[in-house]
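Trainee: The structure's right below; bear with me while I get my questions together.
The values are calculated or read from the model by the stated rules, or taken from the named source; none is laboratory data. Just so it is clear, the model here is predicted, and its values are computed rather than measured. In this analysis, Cβ positions are derived from the backbone assuming ideal geometry, glycine residues included, and neighbour counts consider all displayed protein chains. Keep in mind that these areas ignore ligands, DNA and RNA; they rest on the heavy atoms of the full protein, side chains included. Shrake-Rupley method; radii C 1.70, N 1.55, O 1.52, S 1.80 Å.
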Amino acid sequence: MARVAEAVGFDSVWVGDHYLYRDPGMPPRGPWEAWTLMAGLAAATERIELGPLVASVSFHNPAVLAKKAATLDEISGGRLILGLGAGWNEVEHRAFGIPMDHRFDRFEEAFAIVRGLLRDGHVDFAGSYHQARDCVLVPRGPRPQGPPIFVGTQGARMLRLAASHADGWNAWFAWFGNTPEGLADLTARVDRACAEVGRDPSTLERSVAVLVQVEPGPMASRGGPPEDAPPLHGSPEEMAADLERFAGVGIVHVQLVLDPITVGSIERMGPVLEALDRRAAGATS
C-alpha cells in the first residue's frame, strides 16, 4: 500500500500507534507495532514522508522513543514527521500493563525528553514519571534539529504545550465533524494557545485527518469511541473541491483516512490528487 501511495502521488503515509481494540460484538483486533512497521516502510519507499498518527508517548520510554525517531529518520533519509500524543485507549493500556494515570503530566515530561534529545542531542532530566540523566543521542539523525514534531490534541493544557514547543498541531476528523467549518472552534483555541505563550499563530503548522469513503456501503469500524462525522465522497472533482476547502482555513497537511483501507482505494484516489493539482495550477496561473 505504501508503494502504491508513493506511485499514485501521495505526499505521506501514516501509521496508527496502537496495540489492541476491543469493541462490542467484534473479536479483538490490533495493528502491527508502528515503529517496526515504519522502519520497513522507510526502507521500501523512496520519496514519501512517514509518520505515526500519533505516537502515544505512554507506550514508550521517551529517551528510547527519541532514539527510534532518529533511527527512522536516518533510514528514510529525513522523511519522518513525528506525531506525538498522550494516548487515549484504556483497553490497550490495561491489557499491555501500561500506566494511564496523570496523562498530561506524563506527556509533558516525556515531551521534554524527546524534544530535547532530537533538537539538542542531550538532556539531563529527572521528573516524577520519567528519567533521562546525562542522556546523549548518538548518532544523530540526518537533520541537525531532528524531524518536525506535531502534537495531536484538543485539550487546553496540551494545546498550550504544542504552542510553546511543537512544529505543528494535528486534529482527528471526529473532533470537528470532518468539515472545514467544524474546525473554527478548534483553530481558534490553537490561536489563543499561541497568543498565551507569545507565539505567532502562523508559525504553528496545522494538519487534520479527514475521513474519505472511497466505495459505497457500510463504513468499517476503526476502533475506539463512536465517530459522528459524515465522510467525504463523490467524484474526483467533488472530493478535490472538498479537500481544497481545508486549505482555505489554514490547514497545510491533510491525512486521508480511507474507507476501505486497501490498495484499490489508494489507486482510486489518484484521480482526486490529479484534480487537486489541476485546481492548484489554475489558482496560480
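Trainee: Within the stretch 106-136, count every residue that is crowded, with 20+ Cβ neighbours inside 10 Å, hydrophobic (A, V, I, L, M, F, W, C) and farther than 22 Å from Asp200 by Cα.
Mentor: Matching residues across the stretch 106-136 total 8.
Trainee: Yes or no: the stretch 246-255 includes at least one residue that is in a helix (DSSP H, G or I), in contact (Cβ under 8 Å) with a residue 60 or more places away in the chain and surrounded by 15 or more Cβ atoms within 10 Å (Cβ to Cβ).
Mentor: Yes, because at least one residue in the stretch 246-255 is in a helix (DSSP H, G or I), in contact (Cβ under 8 Å) with a residue 60 or more places away in the chain and surrounded by 15 or more Cβ atoms within 10 Å (Cβ to Cβ).
Trainee: Of the residues that make up the stretch 137-154, is at least one surrounded by 15 or more Cβ atoms within 10 Å (Cβ to Cβ), more than 23 Å from Trp14 (Cβ to Cβ), under 21 Å from the mean Cα position of the chain (by Cα) and of a type outside the set (A, V, I, L, M)?
Mentor: The answer is no, given that none of the residues of the stretch 137-154 is surrounded by 15 or more Cβ atoms within 10 Å (Cβ to Cβ), more than 23 Å from Trp14 (Cβ to Cβ), under 21 Å from the mean Cα position of the chain (by Cα) and of a type outside the set (A, V, I, L, M).
Trainee: Here's another thing I want to ask about it. With (1) modelled with pLDDT of 95 or more; (2) part of a loop (DSSP other than H, G, I, E, B) as the list, and Gly217 as the residue in question, which single condition is left unmet?
Mentor: (1)
Trainee: Contact list please: Cβ distance under 7 Å, first residue in the stretch 221-238 and over 20 Å from Gly16 (Cβ atoms), second residue at pLDDT 95 or above and among the polar types (S, T, N, Q), pairs at least six apart or on different chains.
Mentor: From the stretch 221-238, the pairs are Pro230/Asn178; His233/Gln213.
Trainee: Next up: Name the single residue that is most open to solvent (accessible area, probe 1.4 Å) among those in the stretch 45-60 being of a type outside the set (Ser, Thr, Tyr) and under 16 Å from Gly9 (Cα atoms).
Mentor: Glu46
Trainee: Scan the stretch 61-77 and give yes if some residue there is open to solvent by less than 20 Å² (accessible area, probe 1.4 Å), in contact (Cβ under 8 Å) with a residue 60 or more places away in the chain and assigned to a loop (DSSP other than H, G, I, E, B), otherwise no.
Mentor: The answer is no, given that none of the residues of the stretch 61-77 is open to solvent by less than 20 Å² (accessible area, probe 1.4 Å), in contact (Cβ under 8 Å) with a residue 60 or more places away in the chain and assigned to a loop (DSSP other than H, G, I, E, B).
Trainee: Here is a check on your reading of the model: is Val4 β-branched (Val, Ile, Thr) and either surrounded by 21 or more Cβ atoms within 10 Å (Cβ to Cβ) or touching a Leu at 6+ places or on another chain (Cβ under 7 Å) (or both)?
Mentor: So Val4 does not fit the description; no.
Trainee: Follow-up question, since we're still on this one. Given (1) closer than 26 Å to Arg206 by Cβ; (2) of a type outside the set (Phe, Trp, Tyr); (3) touching a residue at least 24 places away in the same chain (Cβ under 8 Å), where does Ala34 come up short, assuming only one miss?
Mentor: Single failed check for Ala34: (3).
Trainee: All but one of (1) touching a residue at least 60 places away in the same chain (Cβ under 8 Å); (2) open to solvent by 50 Å² or more (accessible area, probe 1.4 Å); (3) more than 25 Å from Pro31 (Cα to Cα) hold for Glu267; state the number of the condition that does not hold.
Mentor: Every listed condition holds for Glu267 apart from (3).
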